[in-house]
1. Given the Cα-Cα distance of Arg139 and Val191 and 0.36 nm per residue of separation, how much length would full extension add, in nm?
2. At 1.4 Å probe size, with no ligands or nucleic acids counted, give the accessible surface of Val77 in Å², nearest ten.
3. If you build a Gaussian network model of the chain, linking Cα atoms that sit under 10 Å apart, which residue out of Pro166, Pro55, Pro135 swings the most?
4. What number comes out for accessible area per residue over the chain if the probe is 1.4 Å? Units Å², please.
5. Please name which of Thr161, Gln72, Ala58 has its Cα lying farthest along the dipole of the chain towards the positive end, using unit charges on Cβ (Lys, Arg +1; Asp, Glu -1) and the Cα centre as origin.
6. Would you indicate which of (i) 16.8; (ii) 18.3; (iii) 17.7 is the value of Kirkwood radius over Cα pairs in Å derived from the coordinates of this structure?
7. Could you give the length gained by full extension between Ala164 and Ala31, i.e. 0.36 nm per residue of separation minus their alpha carbon distance, to one decimal place?
8. Please report the carbon-and-sulfur percent of the accessible area for the chain; probe 1.4 Å, protein heavy atoms only, DNA, RNA and ligands left out.
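The values are calculated or read from the model by the stated rules, or taken from the named source; none is laboratory data. Predicted model, so just to flag it, every value in this text is computed and none were measured. Every residue, glycine as well, gets a Cβ built from its backbone with ideal geometry; the counts of neighbours run over all protein chains shown. Ligands, DNA and RNA are stripped out before the accessible areas are found, and what is left, the full protein with its side chains, is counted by its heavy atoms. Shrake-Rupley method; radii C 1.70, N 1.55, O 1.52, S 1.80 Å.
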Amino acid sequence: AVDSGFEPLPSGAPEPSAQELSVLVDEFYSASGGGDLGSMGESDAGVIFQGDGDPLEAAPTVLETVRLVAQQRNGLVFRLNTLGLCDDQTTDLLLASDVLEREQDGDRRRESRIASLSVFLPAASPAKYDELLAPGSGRGFQHACAFVARLAEAGVNVECTAVARPDVNVAEIEALAMSLGARSFRTRSWVE
């Protein structure tokens with residue numbers, strides 16, 4: 001949010017450690033006085049990992065941040081926004097994590113955990129995907145689709161998002177997302 005006080009790191013600045021991130025989360029919740037979160041935190045939108053880069057590029061730091069926060073605060077929900085263009089090793093690390101909520105985990109409302117992953121799918125075809133996103137490192141459409149399918153198959157709450165651009169068919173993107181196993185789909189508005 002604009003009023004969150006967060007801003008991009010200066011160019012060349014080191015990435016924050018899990019300890020530094022957990023302190024920021026704790027400071028934010030302490031400063032807000034807990035607000036009106038409801039008796040079980042149901043009114044709290046939680047903490048979202050996202051930024052100029054993909055949070056999964058620092059997956060060990062993200063997972064450790066959630067573990068550290070859980071030591072201080074129960075029931076805090078995290079969401080991770082990603083392109084899903086990570087390698088198999090990162091996906092394996094994520095799936096092996098004890099802080100990633102899955103369907104079969106039962107009631108974990110009192111635990112701090114990553115409750116959902118939101119994967120951005122800008123298009124329903126490889127060519128349009130590459131045109132709009134221009135991914136690097138040899139990864140692209142097929143990798144993002146495989147990531148969504150693998151996590152959904154493992155029982156992870158995966159949401160896919162797209163931008164309602166005039167040059168894409170949002171209905172096709174939604175159909176693709178749901179066929180891959182996403183539990184939900186959301187569009188964001190297009191602003192020129």
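1. On the way: separation 52, 0.36 × 52 = 18.72 nm, distance 2.70 nm.
Full extension of this stretch gives 16.0 nm more.
2. Surface open to solvent at Val77 totals about 40 Å².
3. Per the Cα network of the chain with a 10 Å cutoff, Pro166 tops the list.
4. Values: 10840 Å² over 192 residues.
I get 56 Å² per residue for this part.
5. Thr161
6. (iii)
7. Working: separation 133, 0.36 × 133 = 47.88 nm, distance 3.61 nm.
Gain on extension, Ala164 to Ala31, equals 44.3 nm.
8. On the way: 5350 of 10840 Å².
Taking all protein chains in place, the chain shows 49 percent carbon and sulfur surface.
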